[in-house]
């Protein structure tokens, strides 16, 4: 299955060569308490026009992020706390830190204000699940064994972000996709404050997820001034095409 569209994007206020985001380690809204945190973010992380293919049953997601001067391919598996596919941590379909991941595969230069023809092609074969990212007619990135993080496969990627677990092959579990577009920023740090709930006394690490409590220690709190600093997106989406191919 291939999803193709044209994206024209300008991202005024987003640093072309990337920028640095600052925060502190700790629960949501805990800034400035905690040890200092900083990370470099790409132009498309600051602001991007996005095309995505997502399977909500498994949480597997593929994205194109198009910014003013760059575009990048992203692959991730969303946790069950986001997809809502199950609340039972003992269910085979439950996705937690051992299976979730968010990784930017590769970044590419593009011209601002010029339509970029982007496509994502997912292929299921007898023994593999493959996603290909196509930019202006050229396949620029390919990922095999979808569901297993890139770093666990020994595949070169941008380094954003390392996974927390081995993942799992999803060849036999992905059967459909939902398609979408939008504007997005990706300023936060993986695992994106996973595991936190909120009570009268404030945020707390969910005791029902005790076996993954260590993930809460990776949580980062980033102030609003570091999230929205004048960056913006002007985006136009056009010419949507879905192609499916089957073979015996």
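The values are calculated or read from the model by the stated rules, or taken from the named source; none is laboratory data. All values reported here derive from a predicted model rather than from experimental measurement. Cβ coordinates were reconstructed from backbone atoms using ideal geometry, including for glycine residues, and neighbour counts include every protein chain displayed.
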Are any of the residues in the range 152-162 more than 20 Å from residue 47 (Cα to Cα) and in contact with a strand residue (DSSP E or B) (Cβ under 8 Å, 6 or more places away or on another chain)? yes
Consider only pairs whose beta carbons are under 6 Å apart and that are at least six residues apart or on different chains; among these, list those whose first residue lies in the range 223-237 and is over 15 Å from residue 31 (Cβ atoms) and whose second residue is surrounded by fewer than 13 Cβ atoms within 10 Å (Cβ to Cβ). 232/12
Could you check the range 34-48 and list, in sequence order, the residues that are surrounded by fewer than 22 Cβ atoms within 10 Å (Cβ to Cβ) and free of Cβ contacts under 8 Å to residues at least 40 places away in the same chain? 35, 36, 38, 40
Can you tell me how many residues in the range 126-138 are touching a residue at least 12 places away in the same chain (Cβ under 8 Å), more than 27 Å from residue 13 (Cα to Cα) and either assigned to a loop (DSSP other than H, G, I, E, B) or touching a helix residue (DSSP H, G or I) at 6+ places or on another chain (Cβ under 6 Å) (or both)? 3
Boolean, residue 113 is under 22 Å from residue 214 (Cβ atoms) and part of a loop (DSSP other than H, G, I, E, B): no
Just to be sure I understand, how many residues within the range 205-222 are exposed (fewer than 14 other Cβ atoms within 10 Å of the Cβ) and in contact (Cβ under 8 Å) with a residue 60 or more places away in the chain? 2
Filter pass, residue 142 being assigned to a strand (DSSP E or B) and either within 30 Å of residue 197 (Cα to Cα) or modelled with pLDDT under 95 (or both): no
So which residues in the range 139-161 are touching a residue at least 40 places away in the same chain (Cβ under 8 Å) and on the phi < 0 side of the Ramachandran plot, if there are any at all? 140, 141, 143, 146, 149, 150, 151, 157, 158, 160, 161
Within the range 2-22, does at least one residue satisfy the condition of being crowded, with 16+ Cβ neighbours inside 10 Å, out of contact with any helix residue (DSSP H, G or I) (no Cβ under 9 Å at 6 or more places or on another chain), within 24 Å of residue 163 (Cα to Cα) and modelled with pLDDT of 95 or more? no
With criteria (1) free of Cβ contacts under 8 Å to residues at least 60 places away in the same chain; (2) closer than 30 Å to residue 228 by Cβ; (3) touching a helix residue (DSSP H, G or I) at 6+ places or on another chain (Cβ under 6 Å), residue 65 comes up short on (1)
Residue check for residue 51: closer than 19 Å to residue 194 by Cβ, crowded, with 17+ Cβ neighbours inside 10 Å and touching a strand residue (DSSP E or B) at 6+ places or on another chain (Cβ under 6 Å): no
Is it true that some residue in the range 111-124 is over 19 Å from residue 58 (Cα atoms), surrounded by fewer than 19 Cβ atoms within 10 Å (Cβ to Cβ) and without any contact (Cβ under 8 Å) to a residue 60 or more places away in the chain? yes
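Residue-wise test of (1) more than 26 Å from residue 243 (Cα to Cα); (2) surrounded by fewer than 23 Cβ atoms within 10 Å (Cβ to Cβ); (3) without any contact (Cβ under 8 Å) to a residue 40 or more places away in the chain; (4) under 19 Å from the mean Cα position of the chain (by Cα).
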position: 56; (1), (2), (3), (4): no, yes, no, yes
position: 69; (1), (2), (3), (4): yes, yes, no, no
position: 90; (1), (2), (3), (4): yes, yes, yes, no
position: 98; (1), (2), (3), (4): yes, yes, no, yes
